[in-house]
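Before any comments, here is the structure.
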Amino acid sequence: MARLYTALCIALLCLTSCKQTPFEEESTAKKINTLRRGKVSDAEWSKVYAGKQVYETYCSGCHGVKGDGKGPASAMLSVQPRNFTRAMFKFISTPSGSLPADADLHRTLLRGVPRSSMPSWAMLPETDRANVIEYIKTFSERWQTSPPPNALTFGNPPTWVGSLESAAKGKAVYAKMGCANCHGQTGLGDGNSAAALKDAEDNPIKPFNFREGVLKGGSRIEDIYRTFYTGLAGTPMPAFGGILTDEENWHLVSYVIFLMGKTNVKEADLANIPVVAATDSTKHK
Ligand code: HEC
Ligand code: HEC
């Protein structure tokens, strides 16, 4: 009888203390997170807390429970998952070096990151994506201290992007900017410094080989323009916004899509055009 009583007591104790109610779990999590991480207001917290559930279900296996990019699966990946504690993002439409706009993170989650193991999360409900984005922001104080500035607006692509003349001018820009040092003369990703390149986490990183694969930042000409303008933070790929004129940047897009085999421009025709510098008359910065 006494034994049964003890067993019952233990069972009861477990029921009341071992198992936290969702409310208790939420407030513990809230305490831990608000102590350890950036300030999250009570109003924001429920979104952030919902985002934590999404994160720990779908993302932490790669990005790590602590957001440091060191989840259990990361050891098997050649391209390492983003370390969110650094708050450095590759795919931004904000000025180079700043945090991404929410729209940038949404785009990345919808599309995934080609040439890496980062999947598309298009199958998640929109609110899950929105909430997990809020949760990612708790991994670094930077979201409080230097929040993302307004997204840049770029003009529409000129109609001549992809033409023979534009590709020829882009070829000159490619030479002038030393793209070949990393990407190689013909864009095969085999430039002189290619083998030694490291990212911000000190992991080896390969320059893009224009002949294979799709673009991480998106393959529309607008996406390529934006990638050149803002660079890819945390990688050796520089930002050319403010260095190249608008026109030079579009010519560069023409040359790169030629190298990718996405235009009708023939190699022989391009070789026949003398390399001329893209016009400087439109310099606007
Ligand atoms: C199978 C592994 C894996 C899973 C699961 C995963 N990611 Fe990633 N994620 C990656 C890798 C790898 C990268 C880096 C890609 C690169 O830099 O080329 C990345 C990059 C990112 C980036 C950085 C984008 C930028 O602009 O730099 C964000 C944001 C991101 N992931 C969010 C998420 C979210 C949110 C989830 C869960 C819903 C998730 N990831 C699940 C592997 C994963
Ligand atoms: C110092 C080395 C370096 C230089 C110089 C450089 N790049 Fe890159 N570039 C890289 C690396 C590394 C990547 C791959 C980044 C990644 O996978 O995250 C890259 C990626 C790219 C991509 C692919 C972007 C995407 O969305 O996947 C393009 C296109 C590109 N570079 C074009 C250029 C052009 C054009 C120039 C010259 C104007 C240039 N790069 C100069 C290192 C360089």
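The values are calculated or read from the model by the stated rules, or taken from the named source; none is laboratory data. In this text, all values refer to a predicted model and were calculated from it rather than measured experimentally. Don't worry about glycine lacking a Cβ; one is built from the backbone with ideal geometry, like all the others, and counts go over all protein chains shown. The protein model used for the area step is the full one, side chains on, heavy atoms only, and it has no ligands, DNA or RNA in it. Shrake-Rupley method; radii C 1.70, N 1.55, O 1.52, S 1.80 Å.
On the protein heavy atoms, probe 1.4 angstrom, tell me the percent of accessible surface of region 47-129 carried by carbon and sulfur. Can you show the working numbers first?
Values: 2380 of 3880 Å².
Carbon-and-sulfur percentage of accessible area, whole number: 61.
Of the listed pairs Lys66/Lys216; Lys66/Lys206; Lys198/Lys266; Lys47/Lys70, which have alpha-carbon separations greater than 30 Å here? Don't jump to the answer; show the numbers that get you there.
Numbers: Lys66/Lys216 25 Å; Lys66/Lys206 27 Å; Lys198/Lys266 34 Å; Lys47/Lys70 24 Å.
Check vs 30 Å cut-off fails for Lys198/Lys266.
Let me know the Kirkwood hydrodynamic radius for region 38-126, please, with Cα pairs as the basis and the value in Å to one decimal. Don't skip to the end; give the middle numbers.
Working: mean 1/r = 0.0708 Å⁻¹.
So the Kirkwood estimate lands at 14.1 Å.
If you keep only loop residues by DSSP, which trypsin sites (Lys or Arg not before Pro) in region 156-237 have at most 14 other Cβ atoms within 10 Å of their Cβ? Can you show the working numbers first?
Details: sites: Lys169, Lys171, Lys176, Lys198, Arg211, Lys216, Arg220, Arg226; in loops: Arg211, Lys216, Arg220.
Of the trypsin sites (Lys or Arg not before Pro), the ones in loops of region 156-237 whose Cβ has at most 14 other Cβ atoms within 10 Å are Arg211, Arg220.
Once fully extended, how much extra length lies between Arg107 and Ala196, figured as 0.36 nm per residue of separation less the alpha-carbon to alpha-carbon distance?
Details: separation 89, 0.36 × 89 = 32.04 nm, distance 3.07 nm.
Computed gain between Arg107 and Ala196 is 29.0 nm.
Based on Cα coordinates alone, diagonalise the gyration tensor for region 87-210, multiply each eigenvalue by 5, take square roots, and list the semi-axes in whole Å, largest first. Spell out each step's value before the answer.
On the way: eigenvalues 193, 78, 50 Å².
The equivalent ellipsoid of region 87-210 has semi-axes of 31, 20, 16 Å.
With N residues in region 164-272, what two-decimal value do you get for its Cα radius of gyration over 2.2 N^0.38 Å? Each step should come with its number before you reach the end.
Details: Rg = 13.3 Å, N = 109, 2.2 N^0.38 = 13.1 Å.
Taking N as the residue count of region 164-272, the ratio is 1.02.
Testing the spin-label approximation: label points 7 Å from Cα along Cα→Cβ at Tyr58 and Ser219. State their distance in nm.
About 2.3 nm separates the two model spin labels.
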